[in-house]
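K.L.:
One structure is given below, represented as structure tokens, and several questions about it will come after.
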Amino acid sequence: MKKNKMVTLTIDSRKLQAEEGLMILDVARDNNIYIPSLCTNEAVEPYGACRLCLVEITTARGRERLVTSCLYPVEEGLTVKTNSERIASVRKVLIQLLMARCPDSEVIQDLAKRLGVETTPFPLEDKNKNKKCILCALCARVCQEVVGVSAISLVNRGVNRQLATPFFEPSEACIGCGSCVYVCPTHAIAMEDTGDKREVRWPHSQMEFKLRKCKVCGSYWIPERQIEHIAQVSGTSPDDYDVCFSCRE
Amino acid sequence: MVKVSSFAELETLRKSIVARRDPQKAMITVCGGTGCHAHGCEKVAAAFRQEIEQQNLAGKVDLRITGCHGFCERGTLVVVKPQDIFYQRVKEKDVSTILSETVAKGNVIERLLFTDLATKEKITRELEIPFYKKQNRLILGNNGSIDPTVIDDYLAVGGYAALARSLQRMSPEQIIDEVKKSGLRGRGGGGFPTGIKWESTRRAHGDTKYVICNADEGDPGAYMDRSLMEGNPHSVLEGMIIGAYAIGSDQGYIYIRNEYPLAVKNAQIAIEQAEDYGLLGKNILGSGFDFSVRINRGGGAFICGESTALMASLEGHVGEPRAKYVHTAEKGLWNQPTNLNNVETWANVPLIINKGADWYSKIGTRNSKGTKIFSLVGKINNTGLVEVPMGITLREIVYDIGGGIPGGKKFKAVQTGGPSGGVIPESLIDLPVDFDELTKVGSMMGSGAMIVMDENTCMVDIAKYYVSFLEGESCGKCLPCREGLKRLREILADISEGRGEDDDIDLLENLSVALVDGSLCALGATAPNPVLTTLHYFREEYDAHIKDKRCPAGVCKELITYCINNEKCPGCGLCVKACPVQAITLTGKKKPAILDQEKCIKCGACYDVCKLCAVDIK
Ligand SMILES: Cc1cc2nc3c(=O)[nH]c(=O)nc-3n(C[C@H](O)[C@H](O)[C@H](O)COP(=O)(O)O)c2cc1C
Ligand code: SF4
Ligand code: FES
């Protein structure tokens, strides 16, 4: 594989080498420099919705600006400040907006503490309104970009935006794989298996799936619909999935 | 139509069109713009057509339906040529008189002329009306004289000469240089230098390059792009073809909102006619250059005017912005180098090529060249589209062109740049209007909407209004804009409804900074402008609402009471009839009416209806 060119940049006074094409946030993380973020995950393309990863940069040519580090590719001679006063005050408002949006979310409260923010000046939303969803769209993006079925998406525009299955009804496309549950940064999506039944609960819609039983250990291990999907995509037979992964090893 | 396959043939065609036309023949032009449509111009035009036919006048008089003149409020506008007699507020019933008096005998019909409010003088020629006098209608000028659905009209006034000149005598680099030298900056809001944008797109690597015309115009109150698209679509097309040649693009798009049916229709007709003549398509004018244009209709979301959202929408995705750290000049539509310009920007291009950058750059100020079209609306006597040289003062626009404030009211402020522009107070009325000056005072050029406000406008209410508009238009992708605008609106509502607290001002400011610094796109980043400017210039009004629970302008319902002024009220009973909830009663002849505060819903009907100003707002 062709190796990308390396560039030299400075993050918080540390001189670093990084591969061209990487984003500032990735490079900071690789070097144990903390930048808060809620809407990134290495599985999907950066999106830039939460704005928490804002940093102050000065380019080699001396241009200064604020950018979201999840989306800004590193470049030669870049100087990055991850936590100036200006950034801290913007982040403070951002986290306060989230505290009011999702008063029930421990993740948001913990992040607020980490950012040194105790309270929010904004009236709290009813806990049931947004549940724990911050609309980072990671779930919908994983469903589209990784799983490839786009079973859930953002509906409505602007302040009325919600994350849901189409028309809030059970989605034909959903295979019950739970990838969305896994990527959600605020644990806003719940998944529960009981007997041969899996339930996935998004903030504003929910679905049930029938699970297949493993012929060897007898545990219910995968939704039938996920098997159909995998079988179809990989051109295998649905019968190939009668034994669970652990028993196959 | 015959294809024109060389530069010489284009000139021959132009000459033959001009030769066929007799400049001395009588002609009636009826404005067919959307504004005049609202005044019934279709009926007026139909009546002319019918009368001309019935009276067998076709050989003596031509009828032409033109684009918008800008003075929409006075529609339907009719001009009789060759004398250039300008009639306003023309109705169907005036048609036969115009034919029998003006066309046949050359008599001027006084009652259809414009009357100057200040001098009471009747004015016969369009350009002598004060509304037009200080304008410099380089871009809008042909709107009122050509039929936008007839390409020959455009050719007759020199259309497509700039294209021929570009293809025949200029290299792409020379065109870019000329546009750079002209100092043209984008009219879509940001004011980015057009030549530099073209150059970046030309230099960018890509198999295909695109040019796009942004005709989304989502700004409430702005309609210059619509007017140009409807009234002179070929000037926009010509600009696009020249731009495409300079950039190296063979495919263009016009992204136009579906709510503009006439603009869509006229743009479509223009494209087809240009194709028929060979001014679009393969091997344009025999130059070897290919370029075609397609129209794409937008759903009418404000955010779809933003460059990256527009491109996403053109691709068939949801119209949401993305970060522009990689410029659209490098990776735009379908990830190819793309050059997006506003309608008015494109329409400036033929002018620059025809008259030269040196000529063009003499108009305007140091860093803002040429003219700008503003839509002048609100509390002002003459509303409409005005095209003025950059650098003209707000005073000249408001008083000389706009004719001042109606009803003897005091001028208070003007909002420029649309919902996310700023409110500029009276103390800055001598501000020269250009990109940088407007930005300096906290506002912006934006699309060129100009909303004039009088003393009865409450600044907290205005800020709330714009913030609610933007809240409704936020795409919702990024946190500060989506959640922050909602909170801004809530706080402003609290203040205007008497629940304001001392900390609210700080909160408004902090939120505003977070939006400016933190938003993904310019919608969120400019949205706090109305809040920040009203806070800056009208702080005492916020204080009055918060501390004294008082609305000095008498607008915020929760903070005012309507009272009958006993000394002035003669008990005429007009207000009694106007009140929808029977809160006012009469106690006897010539005795003042009594207003029951318990019942009053503060609709203001009594205040509006009282001829003696005997209703006070406290
Ligand atoms: C929210 C938003 C709405 C916009 N709407 C329009 C519009 O309706 N028309 C337009 O020409 N530009 C609009 N713009 C500006 C465009 O993003 C872009 O800058 C412009 O079309 C570029 O053309 P110009 O360089 O000729 O001005 C908008 C920008 C934002 C942020
Ligand atoms: S600033 Fe507003 S409109 Fe722009 S991306 Fe963010 S939410 Fe959407
Ligand atoms: S992590 Fe960059 S905007 Fe959310």
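K.L.:
With θ taken as phi - 60° and the coefficients 6.51, -1.76 and 1.60, list the Karplus ³J(HN,Hα) couplings across the stretch A:239-249 in order, rounded to whole Hz; mark glycine and proline as x.
P.N.:
So the J values, rounded to whole Hz, are 6, 5, 10, 7, 10, 6, 4, 5, 6, 6, 6.
K.L.:
Go through B:558-571, B:197-210, B:137-150 and give me the packing order, highest mean Cβ count within 10 Å leading.
P.N.:
Top to bottom by mean Cβ count within 10 Å: B:137-150, B:197-210, B:558-571.
K.L.:
Could you state the principal axis extents of the C-alpha atoms in the stretch A:138-248, from the largest down, to the nearest angstrom?
P.N.:
Each principal axis gives a Cα extent; for the stretch A:138-248 these are 50, 29, 23 Å.
K.L.:
Can you give the FRET efficiency to the nearest 0.05 for B:THR124 and B:SER5, using r as the Cβ-Cβ distance and R₀ = 56 Å?
P.N.:
Efficiency for this residue pair is about 0.80.
K.L.:
For the charge dipole of the stretch A:138-248, defined by +1 on Lys and Arg C-beta atoms and -1 on Asp and Glu C-beta atoms about the Cα centroid, which residue among A:VAL142, A:CYS217, A:VAL159 has the Cα displaced farthest towards the positive pole?
P.N.:
A:VAL159
K.L.:
Nearest 10 degrees, 0 to 90: what angle lies between the long axis of helix B:504-518 and the longest principal axis of chain B (Cα atoms)?
P.N.:
On a 0 to 90 degree scale, this one is about 20.
K.L.:
If the cut-off is a Cα-Cα distance under 26 Å, which lysines reach B:LYS409, setting aside same-chain residues fewer than 8 apart in sequence?
P.N.:
Partners found: B:LYS120, B:LYS122, B:LYS133, B:LYS134, B:LYS379, B:LYS464, B:LYS549, B:LYS557, B:LYS568, B:LYS602, B:LYS611, B:LYS618.
K.L.:
Same structure again: Assigning unit charges at the beta carbon (Lys, Arg +1; Asp, Glu -1) and nothing else, what dipole magnitude in debye, to the nearest 20, does the protein assembly as shown show about its Cα centre?
P.N.:
Dipole size: approximately 1420 debye.
K.L.:
Near the amide H of B:GLY378, under 5 Å away, which other amide H atoms are found, from residues 5 or more places off or on another chain, if H is placed in the peptide plane?
P.N.:
B:VAL452
K.L.:
Sorted by mean Cβ packing within 10 Å, highest first, what order do the peptides A:236-249, B:497-510 take?
P.N.:
Descending packing order for the listed peptides: B:497-510, A:236-249.
K.L.:
Find, to one decimal place in angstroms, the Kirkwood hydrodynamic radius of the stretch B:459-547, where the mean of 1/r is taken over every pair of different Cα atoms and then inverted.
P.N.:
Details: mean 1/r = 0.0794 Å⁻¹.
Roughly 12.6 Å, rounded to one decimal.
K.L.:
Here's a follow-up. Taking 25 Å as R0, compute the FRET efficiency from the Cβ-Cβ separation of A:LEU22 and A:ALA43 and round it to 0.05.
P.N.:
After rounding to 0.05, the efficiency reads 0.95.
K.L.:
At 0.36 nm per residue, minus the direct Cα-Cα distance, what do A:ARG61 and A:ALA173 gain on full extension? Give it in nm, one decimal, please.
P.N.:
Result for the pair: 35.4 nm of gain on full extension.
K.L.:
Still on this structure, please answer the following. Given a Förster radius of 41 Å and the C-beta distance between A:LYS113 and B:LYS602 as r, what FRET efficiency does 1/(1 + (r/R0)^6) yield to the nearest 0.05?
P.N.:
0.35
K.L.:
Taking one equal scatterer on every alpha-carbon of the stretch B:171-246, how large is log10 of I(q)/I(0) by Debye at q = 0.16, 0.18 1/Å?
P.N.:
The calculated log intensity ratios at q = 0.16, 0.18 Å⁻¹ are -0.66, -0.83.
K.L.:
Just the C-alpha atoms of the stretch B:1-141: what Rg/Rh do they give, with Rh taken as the Kirkwood radius? Mind dumping the intermediate values first?
P.N.:
Details: Rg = 16.8 Å, Rh = 16.4 Å.
So for the stretch B:1-141, dividing Rg by the Kirkwood Rh gives 1.02.
K.L.:
Give me the angle, in degrees from 0 to 90, between the Cα long axis of helix A:85-101 and the longest principal axis of the Cα atoms of chain A, rounded to the nearest 10.
P.N.:
Taking Cα atoms only, the helix is inclined about 30 degrees.
K.L.:
Now, a different point. What whole number of Å gives the distance from the Cα centroid of the stretch B:125-193 to the Cα centroid of the stretch A:71-108?
P.N.:
Result: 46 Å between the Cα centres.
K.L.:
I want to check the label-to-label distance for B:SER100 and B:ASP290. Put each point 7 Å from Cα in the C-beta direction and report it in nm to one decimal.
P.N.:
6.1 nm
K.L.:
Quick one: putting +1 on the C-beta of Lys and Arg, -1 on the C-beta of Asp and Glu, what dipole do you get for the stretch B:395-516 around its Cα centre, in Debye to the nearest 20?
P.N.:
Around 380 debye, computed over the stretch B:395-516.
K.L.:
May I pose another question? Please state, as a whole number in µm²/s, the translational diffusion coefficient that the Stokes-Einstein equation yields for the stretch B:561-617 at 37 °C and 0.692 mPa s, with Rh defined as the Kirkwood radius across alpha carbon pairs.
P.N.:
303 µm²/s
K.L.:
Right, here's the next one. Just how many % of Cα pairs in chain B lie over 50 Å apart, if you round to the nearest whole percent?
P.N.:
16 percent
K.L.:
Explain nothing, just the number: dipole magnitude of the stretch B:459-547 about its Cα centre with +1 on each Lys and Arg Cβ and -1 on each Asp and Glu Cβ, in debye rounded to the nearest 20.
P.N.:
Dipole about the Cα centre, nearest 20: 420 debye.
K.L.:
Apply the Karplus parameterisation 6.51 cos²θ - 1.76 cosθ + 1.60, with θ equal to phi minus 60°, to every residue of the stretch A:173-182 and state each ³J(HN,Hα) to the nearest whole Hz, in sequence, with x for glycine and proline.
P.N.:
Karplus-based 3J(HN,Hα) across the stretch A:173-182 equals 7, 5, 9, x, 6, x, 4, 5, 4, 5 Hz.
K.L.:
Right, something else. Using only Cα positions of the protein assembly as shown, each an equal point scatterer, no hydration layer, compute I(q)/I(0) via Debye at q = 0.04, 0.05, 0.07, 0.09 Å⁻¹ and quote the log10 values to two decimals.
P.N.:
After summing over all Cα pairs, the log10 values are -0.23, -0.36, -0.69, -1.05.
K.L.:
To continue, here is another question. Are there chymotrypsin sites (Phe, Trp or Tyr not before Pro) in the stretch B:301-342 that DSSP puts in a loop and that have at most 15 other Cβ atoms within 10 Å, and which ones?
P.N.:
Sites meeting the loop and neighbour criteria: B:TYR325.
K.L.:
Continuing with the same structure: Calculate I(q)/I(0) for chain A by the Debye formula, one identical point scatterer on each C-alpha and no solvent, and give its log10 at q = 0.11, 0.14, 0.17 Å⁻¹ to two decimals.
P.N.:
Values returned for q = 0.11, 0.14, 0.17 Å⁻¹ are -0.73, -1.01, -1.20.
K.L.:
For chain A, calculate the relative contact order in percent as a whole number, restricting contacts to Cα pairs under 8 Å that are 6 or more residues apart.
P.N.:
Computed value for chain A: 12 percent relative contact order.
K.L.:
Using C-alpha positions alone, give me the convex hull volume of the stretch A:6-83 per residue in cubic angstrom.
P.N.:
Value for the stretch A:6-83: 81 Å³ per residue.
K.L.:
What does a probe at A:GLU199 reach in the stretch A:138-180, counting residues whose amide N is under 18 Å from the point 7 Å along Cα→Cβ?
P.N.:
Label zone hits: A:165, A:169-171, A:176-178.
K.L.:
Give, in nm to one decimal, the length gained when the segment between B:LYS591 and B:SER16 is fully stretched (0.36 nm per residue of separation minus the Cα-Cα distance).
P.N.:
Full extension of this stretch gives 199.2 nm more.
K.L.:
Also, I was wondering about something else. Helix-only mean residue ellipticity at 222 nm, chain A, DSSP H runs n ≥ 4 weighted -39,500 (n - 2.57), per residue, nearest 500. What is it?
P.N.:
For chain A, the value works out to -6500 deg cm²/dmol.
K.L.:
Would you calculate a helix-derived [θ] at 222 nm for chain B, using -39,500 (n - 2.57) for each DSSP H run of n ≥ 4 and dividing by the full residue count, to the nearest 500? Before the final figure, lay out each step's value.
P.N.:
Numbers: 23 runs with 225 residues, N = 618.
Counting only the DSSP helices, I get -10500 deg cm²/dmol.
K.L.:
Would you tell me the accessible area of A:GLU20, worked out with a 1.4 angstrom probe on the heavy atoms of the protein chains, in Å² to the nearest 10?
P.N.:
80 Å²
K.L.:
Find the centroid of the Cα atoms in the stretch B:443-513 and in the stretch A:6-43, then give the distance between the two in whole Å.
P.N.:
So the two Cα centres are separated by 36 Å.
K.L.:
If you fit an axis through the alpha-carbon atoms of helix B:194-203 and take the longest principal axis of the Cα set of chain B, what angle between them do you get, 0 to 90°, nearest 10?
P.N.:
50 degrees
The values are calculated or read from the model by the stated rules, or taken from the named source; none is laboratory data. Bear in mind that the values here come from a model prediction, so they are computed numbers and not experimental data. Every residue, glycine among them, receives a Cβ derived from its backbone with ideal geometry; neighbour counts consider all protein chains shown. For accessibility, only protein heavy atoms count, side chains too; no ligands or nucleic acids. Shrake-Rupley method; radii C 1.70, N 1.55, O 1.52, S 1.80 Å.
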